[in-house]
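The values are calculated or read from the model by the stated rules, or taken from the named source; none is laboratory data. Note that the structure is a prediction, hence the values are computed from the model and not measured. We place every Cβ from the backbone using ideal geometry, glycine too, and count neighbours over all the protein chains shown. Accessible surface is based on the protein model in full, side chains and every heavy atom, while ligands, DNA and RNA are left aside. Shrake-Rupley method; radii C 1.70, N 1.55, O 1.52, S 1.80 Å.
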Amino acid sequence: MICTLITGYFAYHTVQGNHGIKRGQQIDREIELARLTADQIRKQRDLLAQKTAALSPASLDLDQLEESAMRFLNMGHPGDMVIFTPVTDE
């Protein structure tokens, strides 16, 4: 009787305990979720690295930068001609 109880105790804790089979499966799921999260963060970091690399002085087109800044600030040079075009909603 005592041997059966001891065997049952150890069998239960082998499956349900803090270091048992179910806990091991739960840890495996947590590890997989952490890997997926790390992959997403790595992709975001790579995308940001590409965007910031495009801002380096070697790859920057100064004429295009000036044109974009003037358009954004709604400014122009004193001798510039402005041609208004109708705005279409797309």
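Couple of notes before you dig in:
- Those residues of the range 5-36 which are more than 38 Å from the chain's Cα centre (by Cα) and open to solvent by 100 Å² or more (accessible area, probe 1.4 Å), in sequence order: Leu5, Tyr9, Phe10, Tyr12
- Meets criteria (open to solvent by less than 100 Å² (accessible area, probe 1.4 Å), within 30 Å of Gly76 (Cα to Cα) and either of a type outside the set (S, T, N, Q) or touching a residue at least 40 places away in the same chain (Cβ under 8 Å) (or both)) for Asp39: no
- Matching residues in the range 55-90 - criterion: being among the acidic types (Asp, Glu) and either in contact with a strand residue (DSSP E or B) (Cβ under 7 Å, 6 or more places away or on another chain) or open to solvent by less than 100 Å² (accessible area, probe 1.4 Å) (or both): Asp61, Glu66, Asp80
- Flag for Ile41 being of a type in the set (A, V, I, L, M) and not in a loop (DSSP other than H, G, I, E, B): yes
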